[in-house]
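Below is one structure; the comments refer to it alone.
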Amino acid sequence: ETGVTQSPTHLIKTRGQQVTLRCSSQSGHNTVSWYQQALGQGPQFIFQYYREEENGRGNFPPRFSGLQFPNYSSELNVNALELDDSALYLCASSSGGGGFTYEQYFGPGTRLTVT
Amino acid sequence: AQRVTQPEKLLSVFKGAPVELKCNYSYSGSPELFWYVQYSRQRLQLLLRHISRESIKGFTADLNKGETSFHLKKPFAQEEDSAMYYCAPLGTNAGKSTFGDGTTLTVKP
């Protein structure tokens, strides 16, 4: 059984640029959630995808968008990067019917630095 | 708005001592309650969830709906319990989800 993987491990972008982060969910999981974790804080929920549809969103602006593919892998896209977007971005997959009833399995994260 | 408060950023106890990590939450509706843990150089992982009423690694968590608290307890702490602990009331409605800012537990020998 393959765990959740994320790419890239880390990257540096300039303010105003766009970035795409990728996540491969654990085998058999149909739900993917994305989180932003700033230094010293807990993970903040960005959005969740269930069977390729957005299934809930946290308090993040529309420049944060996502996709889920038929194989349940997912992308997080951030446009017009701001300095405050610098953070660790976590992806978590789970089984079931969306929501958070089931255990989430987290990836190692992508460290994004915006300069 | 959903909110989680873990009042202690840092908590240090000696091996064999009891430990309690506090969590208070405000939430509209009835959330599922979880504790997640992150050991050094490892991924965030589930420790326990209220609905299963399990004791994992000697930890238990008591839900007090009146006080809206979900404190994590262990009667005898072990050095391997040193980690970051996050309380997470998560909704069956995915839009209502949040993690606390975490408590770093250090268990001294």
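The values are calculated or read from the model by the stated rules, or taken from the named source; none is laboratory data. If you're wondering where the values come from, they're calculated on a predicted model, not measured in any experiment. Every residue, glycine as well, gets a Cβ built from its backbone with ideal geometry; the counts of neighbours run over all protein chains shown. Note: areas computed on protein heavy atoms with side chains; ligands, DNA, RNA excluded. Shrake-Rupley method; radii C 1.70, N 1.55, O 1.52, S 1.80 Å.
A few remarks follow.
- Kirkwood analysis of the Cα pair distances in segment A:47-115 returns a hydrodynamic radius of 13.2 Å.
- Ordering B:34-41, B:6-13, A:9-16 by mean Cβ neighbour count within 10 Å, with the highest value first, yields B:34-41, B:6-13, A:9-16.
- Of A:Gly96, A:Gly66, A:Gly42, the one that fluctuates the most in a GNM where chain A has Cα springs shorter than 10 Å: A:Gly42
- Long-range amide H partners of B:Cys23 with built H, under 5 Å: B:Phe70, B:His71, B:Leu72
- Qualifying lysines (Cα of each under 22 Å from Cα of B:Lys74; at least 8 residues distant if same chain): B:Lys9, B:Lys15, B:Lys22, B:Lys57, B:Lys65, B:Lys108
- Mean partner shielding of peptide B:34-45, defined as the number of other chain Cβ atoms within 10 Å of each residue Cβ, is 3.
- 25 °C / 0.890 mPa s Stokes-Einstein diffusion coefficient of chain A, Kirkwood radius on C-alpha pairs, µm²/s: 176 µm²/s
- Residue mean of other protein chain beta carbons inside 10 Å, A:99-109: 6
- Peptide A:40-48 - average C-beta neighbours from other chains (10 Å radius): 6
- Shape index of chain B: Rg/Rh, with Rg the Cα radius of gyration and Rh the Kirkwood radius from the inverse mean 1/r over Cα pairs, equals 0.96.
- Chain A packed on chain B takes about 1700 Å² of accessible surface away from a 1.4 Å probe, both sides summed.
- Using θ = phi - 60° in the Karplus curve 6.51 cos²θ - 1.76 cosθ + 1.60, the 3J(HN,Hα) couplings for segment B:13-26 round to 9, 8, 3, x, 7, x, 9, 9, 9, 8, 8, 10, 9, 10 Hz; x is entered for Gly and Pro.
- Residues of chain B: accessible area per residue with a 1.4 Å probe, Å²: 51 Å²
- Comparing B:Lys73, B:Lys65, B:Lys22 in a Gaussian network model of chain B where C-alpha atoms under 10 Å apart are linked, the largest mean-square fluctuation is found at B:Lys65.
- Rg and Dmax of the protein assembly as shown, Cα atoms only, in Å: 17.4, 52
- Residues of segment A:22-41 with amide N under 20 Å of the 7 Å Cα→Cβ point at A:Ser7: A:22-29, A:32-35
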